C-alpha cells in the first residue's frame, strides 16, 4: 500500500517527524517496506532556459538548442517538437541519471553535433507516459533552480505491507487512525458533505438474487449525475494519483481511484447513457461474456456476481468494470455505484478469472459495510467540484449487513497473555481510538467492533489491539522457565539414529545431498512405482509430478550431473522420506546412497579400482552397527529389489518380512533407461524398520580378558559355486560357539585346480580359550567338528 | 714385558681406529681378545712368569684388556651410528608426495543448521516432534484457523495430490504447523516441542523453492505469555548467530493461528551490498511467531481458558543463508559437489552448546 506523507497528513494532525511516523507505522503492524523522497529522483535536474533553438543542419526533426543552466550555456540536441527559444524546461546535465530511460547521460554526438545534456519530457522522469514534448515550466521560475519544486515533487512516498487481516488500512484514513491511536497525532474527523438531489434517478437499481445468493450484494448505494464534463483532473488530484504510483486517466476515473486509496472504498462510475434500462445486480449466467476495462473478454459462470443492465453484464462486481459502459471524455451522464460485495465471492471470481485489481484486493479483504452513503456523498462532491453536473437523490437498495459483534475483554487478560501491565484508562483509550464502542464493566470492558474491523473475532484479538498500539517494545523480556535444571534430551532414539547414520556416512566419504520429495512418473516407475493417489494435481513441472518411491533416482541424476561437469567418482547420500501411499504410515525415512565410477582415484601409491557391491555393503554395515540392537547382526540374502543387479546385490533383513537394507549394483537396464553411462552402486537403509529396543539397559556384561593365547587355524573348502560364503562361515562358527571368537574369509579361488562349477573358499578360524590353554588334541577335535559341520551344511570338502 | 704391553696397546688402538666397518672391527677384536688373541695369550701365559712380576703384569694386562674393550665398544657404536645414518640416507622418500587418498564427506547445511537449532532449543527443554509430509486439509489449514475461503489460504500456494480425505484433497504440508495440531491432540499440556521438516509450496523462482524446510516451535502451559516468547526467541537468535548483543525486534503481524502475532527481525546493515548481521540500522525478518490462537487450542481439544502459550516458525534455509552467507536458495537442492563441499560441514562438527563458546 503506497501513500504519500502529505496525503496522510490530510487526515492525521501530527507534529511527529518522518522517522517517528515510520517507526510507529512498523510498530503498529503496518510494516514500512520502502520510503522514497520524490525530490531525490530529480535532484540532479534544474530549470533550464532555452535561449536559442535552430534546426539541426543534418536532421529535419532535430533542433540544436542553447540552454542556460544557471551556471553555463550549453548546446543540446533535442527532438521535441515543442522546444523553442525563450521557453523554460527541465534540464539534465551529463552524468545525471534519467529514471524513465534508465540511462546515465554522457556527452554524445548526434548527427555531427555534440549534445551536452538533455531537456526532459514527463516520460523521462516517470511522471507520465507523455513523451511527445519536453516539460514546459512557468517562465517566472529562476533558471538553475531546483526542478523538484517546479515539478511539485516534494513529497515522501511510503510503501507499507498490509497483512491479510487489515483491509481497513488499504485506505490512508485507516492508516491515520492506527497512528493516531498509537499517539502519533490526532485523527481528523471526515467532513461529509450533504448533497440534496434535485431529482429522482432515471435509472432504477434492483438487487436480483435468490435467497441463497442474497449476501453477494446486500446493499447498493448510488446516484445519477447528469451533465458532467469528464475533463483532465486538476493538478492536485493528478499529483496525488501519481504519487501513489497510478496514472491519471480522467477526472471521473481519478476520483474513483482517489476514493479507493484514501478511504479503501472502491467505486464505479458508469456512463449512464450506455446503460440499457435499469441496473440489475445478479449472479452471472453460465458462459455470459464480459469485455472488461482491461480490454480482455471474460467468460463468466453462475458463481460470479455482475452488475447488469436489462440486457448484458456491464461490470464484474467488486473486481472490474466493463469496457462498454465505462466513462470516456464524451460521457455526459453518469451513474455512481457504491456497493458492498461479498469478500469470498469476490475472491473466488477473481481467482477463477485470474483477474487482479485494486477493487478486488479490497473487497476480498472486506470493505467497510457502513461507509456507503458517506462515500457516495464525498465522491459526488468531488465530481460536482471537478466535472460539474447535477446530482439525483441517493439511491439505496438492500440493507446494511449486520457487522456489529460484541466481545468482552477481561482486565486481567492483557497481563496474562501479553505479560505486560497496561493501565485501564490507556486500554480503554486505545480501543476507543481504534473505533470500538467500549463500555467499562467491573472486571473489564464490553466492546462492539468497528464496522471496518471484520478481523476482530474474540478476546485475544482485543488483547492484540491493545498490545500492538501500546507497543510490543513495552512487553518485558522474560526468559523461558526451564522445565528441569538440566536439559532432558531433545531427540528420541529414532531421530538420534538418523543423526548417527548421517554422520557415519559422511565420515565414510559420502557427501550429504538434499533432493526434492517428488520426481517424474517415469523415474518412479523404474524404482517400484508410486500409486496414482500420491500424484500431484498441480506439479510445477511434469518432471516433478509424483511423490518418490525411492530416493535413488534423484541421487543417480545428481551424480550424473556432476559427472557431466567433470566431477567424477562422486558419492552422495540422502536421508529423507520415501512414499508408498498417502497415509502417515506410508512415509518411510530411508538413508540412500550412491557411489560411482572409481572407488580409489589413480594416485602414485594406490591402484585405482571401480566401485563394487562390497563398498556399499560396508556402508550399510557401518550404519547398522550404529543403529545397534539386533540390526547390528542381520540376516543377509542374495539379491535385492528389482532396480538392483540381480547377481550383484544383497538384502539385509530381520526375519522373513522386515527389510533392513538393500545394496548392490544398479541394474544396467535401469541405468540405460535413465540415460546414465557411468557405473554406480547403491544402498537403501530402511531406518524406520530397525526395531526399538524394549528395555534400554545401559550396563554392559562383564568382559573376560583371557590371558590365554588365542590360536588360529586356516581351512580351505571346495564348495559348489551356488553356496553362499556366509553359510560356510556360519557352519564353522557353530562348531563351538564358546571357543570360536572369529571366522574370516581370507581367500576365494576358482581355477584349473578346482573342479568346474566349484570354488575354493579359505577361512581362518580364531579360537579363544577361556579356562586353559588348548591342547593339540582339543584343537584337533574342534577342527574335525568344523570340517564335518561345513560338510554337512554346505557340502564343502576340505581341500587336500 | 711392560714394553710389549705398550706396543700391543698402540698397535690395537691403531687397528681399532682404522677399522672401516663392523666386520673389520670384529676381526680386530678376535685378534686381540679372541680365544687365540694376543692379549688372551698373554694372560694365559701369566702362570709362567715369576710370582713377584706376575702381580704387576696381571694388573697391567687387565688394564690393557679394559682399555681395548672400551676402545672396541666406542668404535662399534661409532660404526653402527655411521652405518645407520648411511641407511637412513638411503631410505629417504619424498614426503611432499600426496598421502593415500581418503575421502571425507560433508553434512548438508540444512542438516547442520537444523541440528544447531535443535541443540539450542534442546537446552531450553524443547523436544523434537515430527509429522507426515502428506497432510490432511484439516491439519494443514482448518485446524489452524485457516478456513476454506480464507485469503491466507491463497497465499500458501498449496500442492494437492490425488488422494482425498473427508472429501478434501490431501496436500503436501505448506508448513510444519500441522504437527502442532497433531501434538496437541495426542499430548496434554505442558507441551514444549520443535518441529523440523520438509515443507512444500507451489512456487519456483529465484527466492522460492517448491520444497524447503521449516522449524516450528510450540509451548503450551498455563502461564507462558508474550514476554516469554520474546525471551525465548531473543536467546535463540543471539545464540544461533553467536552475537551476544544482537538487536532483536518484535513487530505486530498477522497469522491466522496466532493472536497476538509478531514477526521477529534482527539488526543488520546492507552497506556496499554486503549483509552484516548484528550491526547497522536495518532490520531483517527471520521468524514468525505469536500467542497460539484460542481457536486453534479449542480445535485440538485444549481448554483455552486454562492453557495458553506461543508458537513460532522459521525457514531453515533462510537461517543457514544468513548465518553462513549462502547467496542462492535454489542451490541447496542442486547437489553440486563443489557447492556441497564448500558449504557443507565436517561429519564430526556436531553442534553442541557445551562443545564451544558459541555455535
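Every number here is computed from the coordinates shown, using simple stated rules; none is lab data. The structure presented is a predicted model; accordingly, all values stated were derived computationally and were not measured. Every residue, glycine as well, gets a Cβ built from its backbone with ideal geometry; the counts of neighbours run over all protein chains shown.
Each of A:400, A:755, A:124 was scored by other Cβ atoms within 10 Å of its Cβ. Listed from fewest to most, they are A:755, A:400, A:124. With r defined as the distance between the Cβ atoms of residue A:412 and residue A:483 and R0 fixed at 22 Å, what FRET efficiency is calculated, to the nearest 0.05? Rounded to the nearest 0.05, the efficiency is 0.30. Put a dot 7 Å past the Cα of residue B:95, heading toward its Cβ, do the same for residue A:154, and the two dots end up 7.9 nm apart.
Given R0 = 60 Å, the distance between the Cβ atoms of residue A:745 and residue A:532 translates into a calculated FRET efficiency of 0.80.
Summing -39500 (n - 2.57) over the DSSP H runs of n ≥ 4 in the protein assembly as shown and dividing by its residue number, what mean residue ellipticity at 222 nm do you reach, to the nearest 500 deg cm²/dmol? The helix contribution divided over the protein assembly as shown gives -9000 deg cm²/dmol. Between residue A:642 and residue B:54, the modelled label-to-label distance comes to 10.8 nm, taking each label 7 Å out from Cα in the direction of the beta carbon.
Between the helical axis of A:459-470 and the longest alpha-carbon principal axis of chain A there is an angle of about 70 degrees.
I'd like the FRET efficiency for residue B:70 and residue B:7, computed as 1/(1 + (r/R0)^6) with the beta carbon distance as r and R0 of 22 Å, rounded to 0.05. Using R0 = 22 Å, I get an efficiency of 0.70. Separation of segment A:108-141 and segment A:621-650, taken as the distance between their Cα centroids, equals 78 angstrom. Of interest is the spacing of the C-alpha centroids, which for segment A:339-382 and segment A:561-594 amounts to 49 Å. For A:560, B:269, the sequence from fewest to most other C-beta atoms within 10 Å is B:269, A:560. Within 10 Å of the Cβ of each residue in B:119-127, the mean number of Cβ atoms contributed by other protein chains is 5. As I understand it, the value is the acute angle between the Cα axis of helix A:251-263 and the longest principal axis of the Cα atoms of chain A; what does it come to in degrees, rounded to 10? Helix A:251-263 and the main axis of chain A meet at about 60 degrees.
So if each residue of separation counts as 0.36 nm, and I subtract the Cα-Cα distance between residue A:51 and residue A:18, what length gain in nm does that give?
7.8 nm
Which part of segment A:219-242 falls in the paramagnetic zone of residue A:199, meaning amide N under 12 Å from the point 7 Å along Cα-to-beta-carbon? Backbone N within reach: A:224-228. Tilt of helix A:424-433 relative to the longest C-alpha principal axis of chain A, in degrees (0 to 90, nearest 10)? Around 60 degrees separate the two axes. Each part gets one Cα centre, and for segment B:45-69 versus segment A:677-756 those centres are 72 Å apart.
Under 20 Å from a point 7 Å along the Cα-to-Cβ line of residue A:73: which residues of segment A:131-150 have their amide N that close? Correct set: A:139-145. The average projected area of segment A:464-536, computed from the convex hull of its Cα atoms over all directions, is 11.9 nm².
Ordered by the count of other Cβ atoms within 10 Å of each Cβ, fewest first, A:467, B:284 give B:284, A:467.
The length gained by stretching the chain between residue A:332 and residue A:426 to full extension, at 0.36 nm per residue less their Cα-Cα distance, is 28.6 nm. Using a simple spin-label model with pseudo-atoms 7 Å out from Cα toward Cβ, residue B:275 and residue A:771 lie 7.2 nm apart.
Once the chain from residue A:610 to residue A:783 is taken as fully extended at 0.36 nm per residue, the excess over their C-alpha distance is 58.5 nm.
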